[in-house]
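Below: one structure, written as structure tokens.
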Amino acid sequence: MKKILLTFALILLQSQLLSAKTTISWWQFWTDPTIKPVIEEMVEEFEKQNSDIAVELTDLTWANGHEKIVIAFASGNGPDIVELGSDWIAEFAVNGHLSEIKVDDAAQQEFHGWEMATFQSKVYAKPWFLGTRVIFGNRDLLNKAGYAETFAPISLGQFKEAVYKVDSLSKKIYGFGSNAPEKHRSYKKYLPFSWSFDAQIFSDDNRLCLLASDYAVKALNYYKELHDSCGYVANQRGIEDAFLDGKVGFVLSGDWLLKRIENEKLDFNLMSTLIPGDKYPGRSFMGGEFLAINSASKQKEAAQKFIDFITSPENQVKFCQANRSANPSSKTATEDEYFKSNTHLQTFIKQLKIANHPPVDPNWVVYESFIEKAVEDALFNGVEPGTALLKARKKIEAAR
């Protein structure tokens with residue numbers, strides 16, 4: 001009888017200990033078989049270091065993850081922590097779904113990307129991983145076009161000249177990979193050129209839409225010239241396929257191309273460089289993945305503790321090594337030998353320091369579609385760049 005009572009007491013004690021444990025839910029998008037185990041290892045390590053906290057992991061997909069988050073927040077069943085793309089933050093913050101994050105001076109200095117999580121002067125998410133685009137070139141084609149092994153175009157003039165020279169090598173060789181209309185991609189190809197021409201989407205005080213300024217029109221004309229005269233036109237994957245097959249001289253792409261070259265064990269003479277500017281390197285596009293806390297969460301302190309753990313420099317390096325990616329938000333992480341020893345990763349890290357992000361606006365996805373339609377009309381539908389951008393500007397003004 002005593003043994004039975006003792007056993008029952010132990011079971012009861014164990015049950016009480018388990019019920020005392022705080023459980024936080026996290027919705028995230030990293031389901032790739034090379035990355036998911038690393039995510040799970042980090043969760044396990046956090047739980048080991050914090051025995052009073054358990055983390056429930058839920059996977060989302062880019063196909064329908066946004067919709068699931070919208071429904072969950074609207075129904076009051078959202079997770080404690082959610083991974084958000086940078087252009088979603090304002091959308092959820094304006095509806096009161098995200099908890100404000102207090103950022104001290106140390107965190108402000110350590111992490112890039114806070115400005116993308118700041119809406120109406122409040123910070124609503126912590127930067128995790130950032131993303132940008134750089135210029136990749138085929139070094140062998142550049143050599144055939146008469147360029148030295150160390151050449152990299154810095155100015156817009158140098159870049160156009162190099163594109164034309166590579167394009168003239170053969171009828172089967174194209175100078176530049178130009179995107180076909182592709183949702184959520186087309187604007188990311190035009191905006192780096194627009195920013196490099198010193199164009200802005202909105203005025204500094206955010207009152208005026210400047211999408212059809214002389215600078216912006218010049219940028220779209222420049223992009224159209226590359227497209228019309230030297231462009232290999234396809235979707236992003238098609239452009240990269242042609243580039244890696246030696247058919248295209250230059251492409252504008254992200255760090256996933258480095259990962260592909262490595263995974264496919266391709267012997268490719270790659271050149272990477274910053275987006276060209278008027279006289280010096282220009283501005284690229286910047287986005288990122290952020291971690292936010294549900295304003296309705298009852299476990300905000302535990303949630304913040306987990307976010308701080310998984311965004312630590314050590315864990316960012318671990319993640320980037322597994323993902324073969326280039327853009328941690330942590331400045332300390334970028335000093336790791338993994339990044340410092342790779343020239344192409346360094347290109348991305350340097351480009352992030354001179355990259356712009358779209359405005360933090362709840363309606364950005366709507367504005368984005370207008371910009372993409374303007375680019376599509378100018379490149380494929382015979383509309384003058386100035387007319388296309390003016391039409392987009394009027395639509396944006398009407399939507400604000």
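For the range 249-267, the count of residues that are over 23 Å from K160 (Cβ atoms), buried (at least 21 other Cβ atoms within 10 Å of the Cβ) and either touching a helix residue (DSSP H, G or I) at 6+ places or on another chain (Cβ under 8 Å) or free of Cβ contacts under 8 Å to residues at least 40 places away in the same chain (or both) is at least one.
Is one or more of the residues making up the range 309-330 basic (K, R), free of Cβ contacts under 8 Å to residues at least 12 places away in the same chain and surrounded by fewer than 23 Cβ atoms within 10 Å (Cβ to Cβ)? So far as the range 309-330 goes, no, none of its residues is basic (K, R), free of Cβ contacts under 8 Å to residues at least 12 places away in the same chain and surrounded by fewer than 23 Cβ atoms within 10 Å (Cβ to Cβ).
Output yes when any residue across the range 388-399 is β-branched (V, I, T), in a helix (DSSP H, G or I), at pLDDT 95 or above and within 26 Å of P153 (Cα to Cα), and no when none is. Among the residues of the range 388-399, not one is β-branched (V, I, T), in a helix (DSSP H, G or I), at pLDDT 95 or above and within 26 Å of P153 (Cα to Cα), which makes the answer no.
Condition check ((1) part of a strand (DSSP E or B); (2) at pLDDT 95 or above; (3) outside the structural domain of L226 (by TED's automatic domain parsing); (4) not acidic (D, E)) across all residues:
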residue	(1), (2), (3), (4)
F290	yes, yes, yes, yes
I293	yes, yes, yes, yes
A302	no, yes, yes, yes
F306	no, yes, yes, yes
E314	no, yes, yes, no
A326	no, no, yes, yes
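Screening the range 17-31 for residues that are more than 30 Å from the chain's Cα centre (by Cα) and not β-branched (V, I, T) and picking the one that is modelled with the highest pLDDT gives K21. Looking across the range 17-46, just one residue is in a helix (DSSP H, G or I) and in contact with a strand residue (DSSP E or B) (Cβ under 6 Å, 6 or more places away or on another chain), and that is V43. Number of residues in the range 83-126 that are crowded, with 22+ Cβ neighbours inside 10 Å, polar (S, T, N, Q) and under 18 Å from N206 (Cα atoms): the value is 0.
Here A374 qualifies as crowded, with 18+ Cβ neighbours inside 10 Å, at pLDDT 95 or above and of a type in the set (A, V, I, L, M, F, W, C). For V166, the test of being free of Cβ contacts under 8 Å to residues at least 24 places away in the same chain and either touching a Gly at 6+ places or on another chain (Cβ under 9 Å) or over 20 Å from E368 (Cβ atoms) (or both) is failed. Looking across the range 196-214, the residues that are without any contact (Cβ under 8 Å) to a residue 60 or more places away in the chain, surrounded by fewer than 16 Cβ atoms within 10 Å (Cβ to Cβ) and not hydrophobic (A, V, I, L, M, F, W, C) come down to S203, D204, D205, R207, D214. Evaluate the following for S178: is it in a strand (DSSP E or B), modelled with pLDDT of 95 or more and among the hydroxyl-bearing types (S, T, Y)? Yes, satisfied.
Count, please, the residues in the range 44-55 that happen to be of a type outside the set (F, W, Y), surrounded by 16 or more Cβ atoms within 10 Å (Cβ to Cβ) and in contact (Cβ under 8 Å) with a residue 60 or more places away in the chain.
Step one: filter the range 44-55 for residues of a type outside the set (F, W, Y), giving 44-45, 47-55.
Narrowing further to those that are surrounded by 16 or more Cβ atoms within 10 Å (Cβ to Cβ): 50, 53-55.
So of that shortlist, the ones also in contact (Cβ under 8 Å) with a residue 60 or more places away in the chain come out as 50, 53, 55.
So the count comes out to 3.
Scanning the range 212-246 for residues that are under 19 Å from R133 (Cα atoms), in contact with a Gly (Cβ under 8 Å, 6 or more places away or on another chain) and not in a helix (DSSP H, G or I) gives G231, Y232, A234. Here K259 clears all of (1) under 30 Å from V123 (Cβ atoms); (2) in a helix (DSSP H, G or I) except the condition numbered (1).
Is it true that Y280 is among the hydroxyl-bearing types (S, T, Y) and surrounded by fewer than 18 Cβ atoms within 10 Å (Cβ to Cβ)?
Values: among the hydroxyl-bearing types (S, T, Y): yes; surrounded by fewer than 18 Cβ atoms within 10 Å (Cβ to Cβ): yes.
So Y280 passes the test.
Of everything listed in (1) under 22 Å from L270 (Cβ atoms); (2) at pLDDT below 95, the single unmet condition for V365 is (1).
Taking the condition touching a residue at least 40 places away in the same chain (Cβ under 8 Å), among the charged types (D, E, K, R), within 20 Å of L390 (Cβ to Cβ) and surrounded by 16 or more Cβ atoms within 10 Å (Cβ to Cβ), does K224 pass? So K224 passes the test.
The values are calculated or read from the model by the stated rules, or taken from the named source; none is laboratory data. What you see is a predicted model, and the numbers here were worked out from it, not measured in a lab. Note that each Cβ is placed from the backbone with ideal geometry, even for glycine, and that neighbours are counted across all protein chains shown.
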